[in-house]
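The values are calculated or read from the model by the stated rules, or taken from the named source; none is laboratory data. Everything numeric here is computed off the predicted structure, so don't read it as measured data. Using ideal geometry, Cβ is built from the backbone for each residue, glycine included, and neighbour counts are taken over all protein chains shown. Side chains are part of the model used for accessible areas, which takes the heavy atoms of the whole protein and leaves out ligands, DNA and RNA. Shrake-Rupley method; radii C 1.70, N 1.55, O 1.52, S 1.80 Å.
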Amino acid sequence: MTARIDMYRKTALAVTALAALTFSTISASASAPATGGSHAGVNHRGEDHWGVITRNTIGSPVADLRNGPFGSAGVQGPAARPPYGRGSLGIEVADHSTSLTPPSEKVDFGNEVDFYGDPVLGLKRVGFHVFQTDENIAYGGGGANGAKNMPNIRFEIDPNLAAAPTTHYSTMNWQPDASPVTGEWSPYLDATTTGSWFLTGNAGTVTGCDLAGPCTFQELRTALNDGGAAPTIKTAAVGKGRDYMWIGAVDGLRINQDVYDFEADGVHRLRRGW
């Protein structure tokens, strides 16, 4: 009888130990950060907040998280693959496809949550990598003008201008210079030192940084710092339109210390700290 009780006690202790080990393993797996794979060291905060900003979309454009592109035919080496991971944000817009004036499409793929209320003047590093094609240059009219047929970075902001105290909405647009390469991935394009910026609406008129007379990044910062309350960000996005047809891709969107890696399975925030 004593032997049987001892056997039951040992069995119960073994089951208890196994259950504790299983729970500990599951808990550790759930709480530990990823240590390998294509997204090692990734901070996943805010991934679910990225997507097409529907109210800023016109027509039926495409902004699709995809694999590749892996370079045009014959392109090899690092420039033949996205700069981060295996994927990118594919963008497609048409020029004559709606009944509106102008008839072109527009799309913004962005985040309406995580940047809300951040200071515009706190933007110090902004830019991305682009996959540009010769066909896109032709769609933009060819030559130097067509070469600037490129996607944009856009921040919807409250400008809080002392010179326009009732104006609480404008879009800050970066117009990149021509990509230095076509048919392959570009190097990092720095929006703080290249291209030009403009504000939409009354804020553009008041500051002089409008579509007709865009400013450098530093000129725009100075214009927004006119003695009013600090301008704040509402949303951040990559977009295209409304102007020329464009079919290409963007990856590695940089906003200050973070790089946003566009992958087929989502947007991954990489904390760089530089």
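Brief remarks follow.
- ASP251 among the acidic types (Asp, Glu) and over 22 Å from ALA178 (Cα atoms): no
- Which listed residue is touching a His at 6+ places or on another chain (Cβ under 7 Å) and closer than 30 Å to ASP265 by Cα, from VAL113, VAL107: VAL113
- Filtered residues of the stretch 188-201 (kept if in contact with a Phe, Trp or Tyr (Cβ under 8 Å, 6 or more places away or on another chain), closer than 24 Å to ALA138 by Cα and part of a loop (DSSP other than H, G, I, E, B)): TYR188, ALA191, GLY195
- Note on the stretch 236-274: residues that are free of Cβ contacts under 8 Å to residues at least 40 places away in the same chain and hydrophobic (A, V, I, L, M, F, W, C) total 1.
- The one condition in (1) in contact (Cβ under 8 Å) with a residue 60 or more places away in the chain; (2) exposed (fewer than 15 other Cβ atoms within 10 Å of the Cβ) that ASP95 fails to fulfil: (2)
- Among residues of the stretch 211-235, those that are in a loop (DSSP other than H, G, I, E, B), of a type in the set (A, V, I, L, M) and in contact (Cβ under 8 Å) with a residue 60 or more places away in the chain, counted: 2
- Wholly within the stretch 79-187, strands (runs of 3 or more DSSP E) carrying at least 3 residues that are under 15 Å from the mean Cα position of the chain (by Cα) and among the small types (Gly, Ala, Ser): 87-93
- Residue within the stretch 222-240 that is within 30 Å of ASP48 (Cα to Cα), open to solvent by 50 Å² or more (accessible area, probe 1.4 Å) and more than 19 Å from the chain's Cα centre (by Cα) present: yes
- Any hit, the stretch 211-234, residues being among the polar types (S, T, N, Q) and closer than 24 Å to ILE137 by Cα: yes
- Inclusion of PHE70 among residues that are open to solvent by 20 Å² or more (accessible area, probe 1.4 Å) and part of a loop (DSSP other than H, G, I, E, B) is warranted.
- Matching option when the condition is modelled with pLDDT of 95 or more and among the aromatic types (Phe, Trp, Tyr), among TRP274, TRP246: TRP246
- Sole exception among (1) outside any strand (DSSP E or B); (2) modelled with pLDDT of 90 or more; (3) open to solvent by less than 40 Å² (accessible area, probe 1.4 Å) for ALA63, by number: (1)
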